[in-house]
Amino acid sequence: MRALFGQLARFGVVGLVGLVVDVGVFNLLRATVLDSEVLHEGPILAKVISTSLAIVANYIGNRYWTFGATRRTQVAREGVEFVVVSLGGMAITLACLWISHYGLGFTSQLADNISGNGIGLVLGTMFRFAFYRSWVFHPSRTMPLRPSESSVGPIGGSPLPGVQAVATVDNRSVSDR
């Protein structure tokens, strides 16, 4: 249980960095070039751009810190899975923003922030954490990063369950023997 709370705390810190990126970029774009008075789809495009930048920041933080102990050597596959889950979280956020802005007619910047960066963010974050933990960075899918990180028993001792014993390798040169 303690490990879960530590992981949740690290996830929260990484999420706060992503939140600063997401909210900052969203509001900058929403108040300038992607204002809904300038471009009808502006709030949605601003959210897609800001969330995409936050996804990159979150991937780096989650891969190397939050789930660092369970990251895999298959970076491309892990990255694709991370993006798929992140896009699911983005879809939840965009749905909240779209419903509020276009469905209910709450078009102010405050309303867009409440729906996209408040309600949508909370729902999307719960979705992402669950899938990062159970799929993308799940310990059963972990492969060791370096041979020194693999699960082997102590020198001279019996190997761990499920690991075959291997003969000792003599690294001395022939002339040293």
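FYI, it's all coordinate maths here, none of it is from the lab. None of the values given here were measured: they were computed from a predicted structure. Because the Cβ atoms are built from the backbone with ideal geometry, glycine has one as well, and the counts that use them run over all protein chains shown.
A Förster distance of 25 Å, applied to the separation of the beta-carbon atoms of Q109 and H40, puts the FRET efficiency at 0.95.
The alpha carbon centroids of the range 5-67 and the range 69-146 are separated by 10 Å.
Determine, from the Cβ-Cβ distance of M1 and Y64 and an R0 of 25 Å, the FRET efficiency 1/(1 + (r/R0)^6), rounded to the nearest 0.05.
Numbers: r = 24 Å, r/R0 = 0.95.
Efficiency at R0 = 25 Å is approximately 0.55.
In this structure, V83 and N27 have a Cβ-Cβ separation that, at R0 = 25 Å, corresponds to a calculated FRET efficiency of about 0.55. Cα convex hull, the range 2-147: 99 Å³ per residue, rounded to a whole number.
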